[in-house]
Amino acid sequence: QAQVVESGGGLVQPGGSLTLSCTVSGYSLDDDAVDYAIGWVRQAPGKEREGVACSSQRATYYADSVKGRFTISRDNAENTAHLQMNSLLHEDTATYYCVLGCSSFTGNYYEYDYWGKGTLVTVSA
């Protein structure tokens with residue numbers, strides 16, 4: 001059974017940058033037979049969840065709200081995915097969840113995917 005653990009959340013000023021990490025266990029991101037996608041879903045208080053980014057060995061998806069500002073990457077040596085967030089806005093404030101099993105073509109995510117516990121990102125002056 002796979003597990004994912006997020007880290008890197010914190011307080012950052014508007015316009016600043018922050019990088020989140022998601023370490024995977026129980027599955028290798030460079031598996032030749034099974035291409036699980038890994039990505040990030042965020043939820044702000046009082047708002048619905050939003051798929052932010054999702055990456056497989058074949059494709060990468062970004063939400064329109066973060067295109068040009070966020071970059072998802074996969075480090076096979078560390079079996080870890082990263083989300084580099086630049087030009088952060090107040091609207092980016094949310095709890096960010098790492099998700100193993102999202103769609104790297106559509107950005108869809110599912111309750112039966114493997115979810116982390118979340119890491120809080122606060123963008124404020």
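What the table below lists for this structure:
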| item | result |
| --- | --- |
| Subset of the stretch 98-121 (residues that are part of a strand (DSSP E or B) and open to solvent by 40 Å² or more (accessible area, probe 1.4 Å)) | 114, 115, 120 |
| Among (1) over 25 Å from residue 112 (Cβ atoms); (2) without any contact (Cβ under 8 Å) to a residue 60 or more places away in the chain; (3) over 16 Å from the mean Cα position of the chain (by Cα), the one test that residue 71 misses | (3) |
| Any pair with Cβ under 6 angstrom, 6 or more apart, that starts in the stretch 84-97 at a residue that is over 10 Å from residue 12 (Cβ atoms) and open to solvent by 10 Å² or more (accessible area, probe 1.4 Å) and ends at one that is among the hydrophobic types (A, V, I, L, M, F, W, C) and part of a strand (DSSP E or B) | 90/123; 95/120; 97/41; 97/115 |
| Selection from the stretch 52-83 of residues that are in contact with a strand residue (DSSP E or B) (Cβ under 6 Å, 6 or more places away or on another chain), open to solvent by less than 20 Å² (accessible area, probe 1.4 Å) and farther than 11 Å from residue 22 by Cα | 52, 53, 54, 55, 63, 66, 70 |
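The values are calculated or read from the model by the stated rules, or taken from the named source; none is laboratory data. Keep in mind the model is a prediction, meaning the values are calculated, not measured. So basically every Cβ, Gly included, is an ideal-geometry build from the backbone, and we count neighbours across all protein chains shown. For accessibility, only protein heavy atoms count, side chains too; no ligands or nucleic acids. Shrake-Rupley method; radii C 1.70, N 1.55, O 1.52, S 1.80 Å.
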